[in-house]
1. Cβ-Cβ under 7 Å, sequence separation 6+ or interchain: first residue in segment 105-128 and among the aromatic types (F, W, Y), partner surrounded by 12 or more Cβ atoms within 10 Å (Cβ to Cβ) and not in a strand (DSSP E or B). Which pairs?
2. Looking at (1) farther than 30 Å from V118 by Cβ; (2) surrounded by fewer than 16 Cβ atoms within 10 Å (Cβ to Cβ); (3) within 22 Å of the chain's Cα centre (by Cα), find the lone condition where G44 falls short.
3. Mind checking whether some residue in segment 87-102 is touching a Lys or Arg at 6+ places or on another chain (Cβ under 7 Å), surrounded by 15 or more Cβ atoms within 10 Å (Cβ to Cβ) and within 12 Å of L10 (Cβ to Cβ)?
4. Could we say that S103 is out of contact with any Leu (no Cβ under 8 Å at 6 or more places or on another chain) and at negative phi here?
5. What are the pairs, 6+ residues apart or on separate chains, where a residue within segment 83-96 that is among the basic types (K, R) and part of a strand (DSSP E or B) has its Cβ under 6 Å from a residue that is surrounded by 11 or more Cβ atoms within 10 Å (Cβ to Cβ) and at pLDDT 95 or above?
6. Which residue is nearest to the chain's Cα centre (by Cα), if the candidates are limited to segment 109-137 and must be assigned to a helix (DSSP H, G or I) and surrounded by 11 or more Cβ atoms within 10 Å (Cβ to Cβ)?
7. Out of all the residues in segment 18-74, which are among the acidic types (D, E) and not in a strand (DSSP E or B)?
8. Mind listing just one residue for me: the one in segment 67-86 that is farther than 25 Å from A20 by Cβ and in contact with a strand residue (DSSP E or B) (Cβ under 6 Å, 6 or more places away or on another chain) and, of those, surrounded by the fewest Cβ atoms within 10 Å (Cβ to Cβ)?
Amino acid sequence: GDMLLLGADLKKDPKIITAAYNDPHGITASFNLNLLSRMNRELGADFDLQHFMHHTFYEPVSGEVLSYIVSLQKQSVNFEALNWKTNFDAFEIIHTEISKKYSIPELESLAKEQGYIVKEHFTDDKKYFLDTLWEVK
């Protein structure tokens, strides 16, 4: 039968997840704020990146890391290619990402709900990440 190999980030200590998304070198923040740079480049927008900040938090019950770009002041942004202008209030957010973390039982339940049988799990030594092999029932 048909098979699916799925990779998933597993739930772990919230401190580890929070540190990964708020890394001291600002790599995740740069990645997130790059969305504004791309709109500047590709849509002729005029986002001033100094007036926005990256913000993220982990919700351990749902397993979701929510990432936002936050406007630090009231401001307007023009999009030349779209002939459009939008306004941001101070602390208004742009929701940019949901990164879901799973428990193994959640993934097993998902497999069953979608008509699969779990054949095998493969994890790293710390059980931070899982590759799981599913087969269609």
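The values are calculated or read from the model by the stated rules, or taken from the named source; none is laboratory data. Not measured: the values here are computed from a predicted model. Note that we place each Cβ from the backbone using ideal geometry, even for glycine, and neighbour counts take in every protein chain shown.
1. Cβ pairs passing all conditions: Y128/K12.
2. Of the numbered conditions (1) farther than 30 Å from V118 by Cβ; (2) surrounded by fewer than 16 Cβ atoms within 10 Å (Cβ to Cβ); (3) within 22 Å of the chain's Cα centre (by Cα), the odd one out for G44 is (3).
3. The answer is yes; a qualifying residue exists.
4. no
5. K85/N78
6. L110
7. Within segment 18-74, D23, E42, D46, D48 qualify.
8. Residue satisfying both the conditions and the ranking: S76.
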